[in-house]
Amino acid sequence: MCGTSLKNQGVQQLLDAVVDYLPSPLEVPVIEGVDSKTGETVTRSPDDNGPLSGLVFKIARDPYVGRLIFMRVYSGRIKKGQNVFNPRSKKRERITKLVRLHADSRDEIDELYSGEIGALVGLKDVMTGDTLCAENKPVELERIKFPEPVMFMAVEPRTAADRDKVDDALESLASEDPTCIVKVDPETGQTIVSGMGELHLEILKSRMEREFKVEVNSGKPMVAYYETVTKEGTASHLFDREIGSSRQYAKLDVSVKPAGRGEGISIEFDVSKDKVPEEFRAEVEEGINDGILTGVMGRYAVTDVKVMITGGDYDKELSTEVAFRTAALMAFREAVMAGEPEFLEPIMAVDLVIPSEYMGD
């Protein structure tokens with residue numbers, strides 16, 4: 001089915017198809033998840049008397065009640081005033097209200113049963129894709145997989161006094177929408193908002209002004225390219241300088257290799273701890289991550305690269321966290337340049353399923 005909600009085309013047909021073709025909750029097979037205590041695979045069936053399990057699939061803001069947590073109940077039942085457990089955050093929170101939504105109206109209810117969809121009020125540390133369950137029967141259901149953003153733009157408050165309001169608005173939007181990614185460029189200090197297209201970014205900006213009452217200046221939307229390497233590259237960087245009145249020292253050897261498309265970044269240490277002590281390794285990773293975020297050619301993030309720290313040098317008196325982080329950043333950038341970097345454009349993988357009787361000769 002094809003359509004667009006922006007122009008209200010195909011929406012009615014889609015809703016009719018949901019009613020006519022999709023199975024009822026009682027007709028679907030049991031759902032599988034992972035026991036967050038043992039790591040074993042467990043199942044949950046649509047039984048009102050079974051242990052609670054439900055998946056958060058959307059978060060929205062309401063001017064009267066605050067955050068609305070949309071959830072489908074897969075097993076058990078959930079009551080107003082009940083405590084629920086979140087395996088991701090390892091926290092227990094109390095539901096203050098349950099709401100059943102009907103288009104632009106809502107009804108407060110006392111209970112939701114297996115297979116039903118409703119909105120929860122009162123939960124603070126919850127994200128889209130979280131599982132809510134019974135604490136004595138913890139389970140994590142498969143998280144929703146969201147596509148990578150394909151466009152980004154820089155935003156800034158129109159006045160310095162609105163900086164905190166802009167940060168709060170972006171934090172709220174990002175918590176509601178997993179395809180809205182907000183980050184701060186570590187070199188320029190600019191706030192970068194990424195989304196699924198130009199329309200998505202325009203809507204995010206409009207929501208900031210309409211719902212959060214804050215005006216922002218925005219840059220031109222840009223395609224979210226990535227950078228990667230085409231061959232192995234190696235580099236060594238020595239950081240040895242005075243900062244303030246103290247000398248700081250660190251040396252790192254880094255190699256990078258191409259990874260398979262879609263594999264992302266891996267960072268490994270192949271160096272003894274007397275060369276790069278354990279207490280500095282987290283800073284080394286942070287330095288490499290700084291380089292990953294900013295790239296080397298067009299300030300685009302680096303992806304599909306295997307990073308290996310192959311050597312280094314440490315001085316007990318002079319080495320600091322700042323020195324190792326900076327050495328890691330510079331060595332990574334130099335290694336990527338030696339690996340003949342190239343741009344990656346965003347693409348959409350599409351599967352077409354066509355019944356054989358409709359295929360041509």
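The values are calculated or read from the model by the stated rules, or taken from the named source; none is laboratory data. Not measured: the values here are computed from a predicted model. Cβ sites come from the backbone with ideal geometry, for glycine too, and all protein chains shown count toward neighbours.
VAL254 meets the conditions (1) assigned to a loop (DSSP other than H, G, I, E, B); (2) among the β-branched types (Val, Ile, Thr); (3) within 22 Å of THR303 (Cβ to Cβ) in every case but one. The failed one is (1).
Given the criteria in a helix (DSSP H, G or I) and among the small types (Gly, Ala, Ser), does ALA60 qualify? Let's see the steps before the verdict.
Working: in a helix (DSSP H, G or I): no; among the small types (Gly, Ala, Ser): yes.
Considered against the rule, which asks whether it is in a helix (DSSP H, G or I) and among the small types (Gly, Ala, Ser), ALA60 comes out as no.
What residue, of GLU342, GLU357, GLU317, is touching a residue at least 40 places away in the same chain (Cβ under 8 Å) and either among the acidic types (Asp, Glu) or surrounded by fewer than 18 Cβ atoms within 10 Å (Cβ to Cβ) (or both)? Of the residues listed, the single one that is touching a residue at least 40 places away in the same chain (Cβ under 8 Å) and either among the acidic types (Asp, Glu) or surrounded by fewer than 18 Cβ atoms within 10 Å (Cβ to Cβ) (or both) is GLU342. Consider the stretch 216-245 and keep the residues that are touching a Ser or Thr at 6+ places or on another chain (Cβ under 8 Å) and among the hydroxyl-bearing types (Ser, Thr, Tyr). The one that is surrounded by the most Cβ atoms within 10 Å (Cβ to Cβ) is THR228. Among the residues of the stretch 298-329, those that are charged (D, E, K, R), part of a loop (DSSP other than H, G, I, E, B) and either touching a strand residue (DSSP E or B) at 6+ places or on another chain (Cβ under 8 Å) or at pLDDT 95 or above (or both) comprise ASP304, ASP315.
Once the stretch 176-206 is narrowed to residues that are under 17 Å from the mean Cα position of the chain (by Cα) and polar (S, T, N, Q), the residue that is nearest to ASP62 (Cα to Cα) is THR179.
List the strands (runs of 3 or more DSSP E) inside the stretch 101-197, counting only whole elements, that have at least 1 residues being surrounded by 17 or more Cβ atoms within 10 Å (Cβ to Cβ) and basic (Lys, Arg). Filter on the stretch 101-197 gives 105-109.
Inside the stretch 95-125, can you point out the residues that are of a type in the set (D, E, K, R) and within 24 Å of the chain's Cα centre (by Cα)? Residues satisfying the conditions are LYS124, ASP125. Screening the stretch 267-297 for residues that are hydrophobic (A, V, I, L, M, F, W, C) and assigned to a strand (DSSP E or B) and picking the one that is nearest to the chain's Cα centre (by Cα) gives ILE267. Among the residues of this structure, ALA103 counts as one that is of a type in the set (A, V, I, L, M), on the phi > 0 side of the Ramachandran plot and without any contact (Cβ under 8 Å) to a residue 60 or more places away in the chain.
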